[in-house]
Amino acid sequence: LEAKEEFSHKTRAMDVMRPRKNDPPLTVITQDAMTVEDVEAIVSSTTYSGYPVVVSRASQRLVGFVLRRDLIISIENARKKQDGILRSILDLSPFTVTDETPMEIVVDIFRKLGLRQCLVTHNGKLLGIITKKDVLKHIAQMANQDPDSILFN
Ligand code: ADP
């Protein structure tokens, strides 16, 4: 029992977040150097529900989070009147956890706040994303390996 409990305790946000070790990097929007065309290319080449926004590719410092559906509408509007496409749709305080946060706390936050996604940072730098579905998959995995997981208490 002790070993099992230890296992649940040791799963942290970094173990569940995407990208995984050999995955391609997170698809992000950079605040400093992207044109509407660049953003359009991202939206049409990926299917993610949303995209973290960072200051620059080099810094990876998190600015916020933008939903795909809002971006699509905003790109459409930008064609009509030349305007910043992120200004009104960017969530400037997306929920974040650090990579060291125990998954049981992450699960709790998702449940209590009804989150769809949560960003993972380390010293303010964006590392990854955890979606509601990632959390549900993690819970299902835990349930298979550990029916008495503390996640369900
Ligand atoms: P869902 O998890 O509901 O399928 P998404 O389509 O947004 O939602 O995400 C699919 C997978 O890709 C998830 O495992 C998620 O962690 C990951 N993901 C989400 N957004 C991004 C992104 N901008 N860049 C890279 N991976 C992402």
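The values are calculated or read from the model by the stated rules, or taken from the named source; none is laboratory data. Keep in mind it's a predicted model, so treat the numbers as computed, not measured. Neighbour counts are summed over all protein chains in view; Cβ atoms, including those assigned to glycine, are modelled from backbone coordinates with ideal geometry.
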Self-check item: Search result, residues across region 61-112 that are away from the ligand (no atom under 16 Å from the Cβ), in contact with a helix residue (DSSP H, G or I) (Cβ under 7 Å, 6 or more places away or on another chain) and aliphatic (A, V, I, L, M)
Solution: Ile75, Ala78, Ile85
Quiz prompt | Filter result for Leu90 (of a type outside the set (Phe, Trp, Tyr) and either surrounded by 14 or more Cβ atoms within 10 Å (Cβ to Cβ) or closer than 16 Å to Asp15 by Cβ (or both)) | solution = yes
Exercise. State yes or no: is Ile139 within 16 Å of the ligand (Cβ to nearest atom) and surrounded by 20 or more Cβ atoms within 10 Å (Cβ to Cβ)?
Key: no
Practice problem: From the list Leu119, Leu127, Leu115, pick out the single residue that is at pLDDT 95 or above and within 10 Å of the ligand (Cβ to nearest atom). | Solution: Leu119
Quiz item: Looking at Val63, Val107, which one is part of a strand (DSSP E or B), among the β-branched types (Val, Ile, Thr) and over 13 Å from Ile129 (Cα atoms)?
Solution: Val63
Self-check item: Unmet criterion (only one of (1) outside any loop (DSSP other than H, G, I, E, B); (2) farther than 24 Å from Lys125 by Cβ) for Gly84
Solution: (1)
Practice problem: Any chance you could count how many residues in region 110-119 are within 16 Å of Lys137 (Cβ to Cβ) and assigned to a strand (DSSP E or B)? | Solution: 2
Exercise. Please go through region 28-60 and pick out each residue that is outside any helix (DSSP H, G or I), more than 11 Å from the ligand (Cβ to nearest atom) and either of a type in the set (Asp, Glu) or in contact with a helix residue (DSSP H, G or I) (Cβ under 7 Å, 6 or more places away or on another chain) (or both).
Key: Asp32
